[in-house]
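Worksheet: one structure, shown below.
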Amino acid sequence: MTNCIFCDIVEGRIPSIRVHEDEDFIVLMDINPLTSGHLLVITRQHYASTLDVPDSILAKALPLTKKIAEAALLGVGAPAFNVIINNGPESGQAVNHWHLHVVPRRAPEEMPLKVGAPADLTKLPFTAAAIRENL
């Protein structure tokens, strides 16, 4: 992939502060952290979104994320964390290379998340049916 900052990081063309590496992933410090200890788990191979990542790689991502989150919580003294995966620019994905964020949290106001509005319960079954049809 050309013009991909994460591919450049994987290839060593751009420096990074790595905390873990294996055959499928590199875990590095986010240089624009949302909180102290914010990490990125990136795939060594280039995939644009979760929909493109082979299931065999995704099956390894969550156990690794758990291990990284546990180390991050102990390392920075945080009691909680978020795991965030953005897929597509409309979701806020800034780098078109699959990655997830492990964001240690110390307090809700450290990184406010907006709670959704109550659903229209007369429409919810129809939305569920439309999704179910595509499974």
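The values are calculated or read from the model by the stated rules, or taken from the named source; none is laboratory data. None of these values were measured; they are calculated from a predicted model. Note that each Cβ is placed from the backbone with ideal geometry, even for glycine, and that neighbours are counted across all protein chains shown.
Residues in the range 65-82 that are surrounded by fewer than 17 Cβ atoms within 10 Å (Cβ to Cβ) and either among the aromatic types (Phe, Trp, Tyr) or closer than 20 Å to His99 by Cβ (or both): how many?
To start, the set of residues in the range 65-82 that are surrounded by fewer than 17 Cβ atoms within 10 Å (Cβ to Cβ) comprises 66-67, 70-71, 74-77, 79-80, 82.
Subsequent filtering for residues that are either among the aromatic types (Phe, Trp, Tyr) or closer than 20 Å to His99 by Cβ (or both) retains 66-67, 70-71, 75-76, 82.
Number of matching residues: 7.
Per-residue answers, yes or no, for (1) part of a helix (DSSP H, G or I); (2) at pLDDT 95 or above; (3) among the aliphatic types (A, V, I, L, M):
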{"position": "Asp8", "(1), (2), (3)": "yes, yes, no"}
{"position": "Arg13", "(1), (2), (3)": "no, yes, no"}
{"position": "Leu62", "(1), (2), (3)": "yes, yes, yes"}
{"position": "Thr65", "(1), (2), (3)": "yes, yes, no"}
{"position": "Ile68", "(1), (2), (3)": "yes, yes, yes"}
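When you check Ile57 against the structure, is it over 19 Å from Val103 (Cβ atoms), part of a loop (DSSP other than H, G, I, E, B) and in contact with an Asp or Glu (Cβ under 9 Å, 6 or more places away or on another chain), yes or no? Quick ask: steps written out before the conclusion?
Numbers: over 19 Å from Val103 (Cβ atoms): yes; part of a loop (DSSP other than H, G, I, E, B): no; in contact with an Asp or Glu (Cβ under 9 Å, 6 or more places away or on another chain): yes.
It is false that Ile57 is over 19 Å from Val103 (Cβ atoms), part of a loop (DSSP other than H, G, I, E, B) and in contact with an Asp or Glu (Cβ under 9 Å, 6 or more places away or on another chain).
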Any residue in the range 109-124 that's in a loop (DSSP other than H, G, I, E, B): show its pairings with residues that are basic (Lys, Arg) at Cβ separation under 8 Å, as long as the two are six or more apart or on different chains.
Met111/Arg105
